[in-house]
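Report on one structure; see the data block that follows.
Values quoted throughout were computed directly from the atomic coordinates according to the rules given, and no laboratory measurement underlies them. Fair warning: this is a prediction, and the values are worked out from it, not measured in the lab. With ideal geometry, Cβ positions are generated from the backbone for all residues, glycine too; neighbour counts draw on all protein chains shown.
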Amino acid sequence: MKKILCINEEMGKDPSFRFRALPFIPYLNSAGFEVDMIEGVPAQSFADTKYDAIWIRRQIIPKQILETLQKICPIIYDFDDSLFLRTGFRDVVSASADVLCGSKMLSYYALLGGAKSTSLLRTGIDVVSYPISSRSERMMVWTGSWSTIPHLLHIRDDLIRLNEAGIKLRVVCDNKPKLPFDFDFIPWTSKTEKIALSCAAVGIAPLPANLSTVGKCALKIAQYMAAGLPVVASSVGANKEMFADLGCQGLCLQAKDSFHDAVLSVLDSQTCDKMAEKNRDIAMKFLDINILAETLINTFHQVT
């Protein structure tokens with residue numbers, strides 16, 4: 001077995017860890033890789049430990065420690081957010097044999113930062129574990145963490161108008177947002193994030209356009225697609241790629257466009273059912289963990 005040291009910025013409930021690291025471990029084991037996981041900047045040099053690759057996930061490593069790690073074995077850096085805004089990003093991507101990027105946009109920033117090579121590794125999911133929505137209610141759903149609630153509130157006025165038009169809102173989150181109308185709030189757990197999608201009719205993914213959001217990797221869109229939902233999303237970062245590159249069904253909106261109009265248009269479309277069915281198929285083909293594991297395994301085979 002070849003050995004990989006995986007250095008994570010966060011573990012536990014962190015979405016990036018749950019979707020871009022933990023699910024891949026059985027696949028890596030089956031491919032002949034043993035993975036040791038740690039959280040945070042390593043407190044030891046590992047100079048006396050034999051590793052075949054170091055997989056740094058999101059963590060920005062101080063340059064002095066980075067130089068020590070480079071002497072042990074090749075480094076693979078993995079990121080899925082606007083980490084190019086952080087001090088030290090250039091150091092870690094330029095020191096890496098390959099950089100795993102959650103979107104084409106992030107690949108651009110990695111190369112701009114001095115990366116020698118990049119590989120596209122979209123944030124994927126175990127598609128079959130998501131129940132296909134019955135789409136039995138005129139309900140839109142948004143799922144996210146407390147830190148992304150401002151993205152939902154970015155379309156507050158449209159949400160109010162949709163509520164007045166009789167469209168229910170379901171929010172799946174670890175914190176309840178403040179909105180001036182009643183809505184269905186489901187506290188987030190690893191189970192509710194899947195089940196809560198199962199009666200919605202459309203998934204929404206609003207994003208304001210700025211340097212912080214262009215690095216977002218469209219996890220919620222992947223989840224909506226897995227649940228067999230059409231999607232209404234802002235054309236920002238990987239959201240745009242999901243529509244343009246993968247064929248996500250629904251509407252991808254420019255800043256001037258109305259979420260109110262778009263959600264009603266999708267819900268009232270004669271092709272809404274076909275959109276939903278096709279999104280599930282696209283998720284299985286491009287975003288399932290079984291497919292994405294091949295990219296990760298090939299990357300490790302190439303550098304070790």
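Side notes on the structure shown:
- Mean separation of Cα pairs under 8 Å and 6 or more residues apart, divided by the residue count, gives the range 149-240 a relative contact order of 25 percent.
- The spread of Cα positions in the range 96-171, taken along each principal axis and listed from longest to shortest, comes to 52, 32, 19 Å.
- Across q = 0.12, 0.16, 0.22 Å⁻¹, the range 47-157 modelled as identical point scatterers on its alpha-carbon atoms has Debye log10 I(q)/I(0) values of -0.58, -0.83, -1.15, in the order of the q list.
- Taking only the C-alpha atoms of the range 192-233, Rg followed by Dmax gives 11.3, 34 Å.
- Spin-label model, I160/S30: points 7 Å from Cα along the beta carbon direction are separated by 5.1 nm.
- Antiparallel bridge percentage (DSSP; both residues within the chain; nearest 5): 0
- For the peptides 94-107, 133-146, the ranking by packing is 94-107, 133-146, with the highest mean count of neighbouring Cβ atoms within 10 Å listed first.
- Cβ-Cβ distance of A43 and L112, R₀ of 35 Å, FRET efficiency by 1/(1 + (r/R0)^6): the value works out to about 0.65.
- Computed over the alpha-carbon atoms, the chain gives an Rg to Rh ratio of 1.00, Rh here being the Kirkwood radius from the mean inverse distance.
- Pairwise FRET efficiency - D268 versus E10, Cβ, R0 = 41 Å, nearest 0.05: 0.50
- Here the peptides 73-86, 17-30 are ranked by packing, the mean other Cβ count within 10 Å, and the order with the highest first is 73-86, 17-30.
- Using the rule -39500 (n - 2.57) for each DSSP H run of four or more residues, divided by the residues of the chain, the 222 nm mean residue ellipticity is -9000 deg cm²/dmol.
- Length-normalised contact order for the chain - Cα pairs under 8 Å, 6+ apart - percent: 16
- Value of relative contact order over the range 127-287, rounded to a whole percent, pairs C-alpha under 8 Å and six or more apart: 25
- Note on the range 127-287: along the principal axes its Cα atoms extend 38, 34, 32 Å, ordered by decreasing extent.
- Cβ-Cβ distance of N210 and M1, R₀ of 45 Å, FRET efficiency by 1/(1 + (r/R0)^6): the value works out to about 0.55.
- Backbone HN-Hα couplings from phi across the range 200-209 [Karplus 6.51/-1.76/1.60, Hz, Gly and Pro as x]: 6, 10, 7, x, 10, 9, x, 8, x, 9
- Mean Cβ count within 10 Å, highest first, over the residues of peptides 290-296, 175-181, 218-224, 196-202: 218-224, 196-202, 290-296, 175-181
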